[in-house]
């Protein structure tokens, strides 16, 4: 583990002394109490009784989409360390971090700030927990949504049969888990437009309704084939885009025994530092974390199929023994591999 990652882990474990605890109902109640018709999104920093006044500068708006989906839009600077913990049940959370630093704890997993654009899709069953850690000096631009699965399935026609097993389980709330996703150029563009909403009042609400809808359309498309959509729609130069496509092929085709980063850099004629920075800025995670997620996705799919033993799955995804695979799987999903085998 990198020494900076270790430092961050220590801070997250202790958590800031200043903690805001809430749940979906309390946010919705605050919105109903202070939001007037046609006033536009609710400015949370300025809202009466808001605990954010002393902690941030800038804008943090709350808005309600389709009457069932709270939306938080943040463009702010943190002036005092604090954390926000939300208790969530039977809902999905979408967290799009466009820029700035924030550590997130989702379903017991600590997801550390990479400083890069990234998205998180998380399922929360009964009494789920979402914690965001904010630190003084952080500059943050992000959009977060809490939405019922039916919004994606019924309103937007998301066809789970065309997605990965992990996406199916998350969206159907069959398990509590988190998936890290890259932000395509289209997603980043829409997020920037949401954050820089130029309107007020009724026009602001109409604008947000259109833009959140557009955001969810692009997001549903991304869920069908994350790497493929990112390859076709990314903010990289043509040379770097080709290099990242080659890197993904090398990693995905060699999950059990992937090339070392130095070998990958040589393959695409990049320095190691340029490769690692480009990969991280593209996918929001470093190469090792990307590999971990892909290994867990594949092992989850194989276990659910019920045709392989836990040991066979461990070897298939690159673990030398069942015990090390079991520890990694439980840390990632919160339960043992055996729990995902049918019967």
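Values for this structure:
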read-out	value
Helix 185-195 vs. the chain, principal-axis angle (Cα, 0 to 90°, nearest 10)	20 degrees
GNM result for the chain, Cα springs below 10 Å: residue of 275, 153, 88 fluctuating most strongly	153
MRE, 222 nm, helices only [DSSP H, n ≥ 4, -39500 (n - 2.57), over the chain, to nearest 500]	-13000 deg cm²/dmol
Along principal axes, Cα extents of the chain, largest first, whole Å	58, 49, 42
Where labels lie 7 Å past Cα in the beta-carbon direction, separation of residue 125 and residue 250 in nm	4.0 nm
The chain: angle of helix 322-333 to the longest principal axis, Cα-based, in degrees nearest 10	20 degrees
Cα-based shape type of the range 289-340, given that a ≥ b ≥ c are square roots of the gyration tensor eigenvalues and the cut on a/c is 1.5	rounded
Inter-site label distance for residue 139 and residue 155 at 7 Å from Cα along Cβ, in nm	3.3 nm
Rg(Cα)/(2.2 N^0.38 Å) for the range 232-332, N = residue count	1.19
Between helix 287-305 and the chain: long-axis angle, C-alpha atoms, 0 to 90°, nearest 10	80 degrees
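Every number here is computed from the coordinates shown, using simple stated rules; none is lab data. Predicted model only: the values in this text are computed from it and were never measured. Quick reminder, even Gly has a Cβ in these numbers, built from the backbone with ideal geometry, and neighbours come from all protein chains shown.
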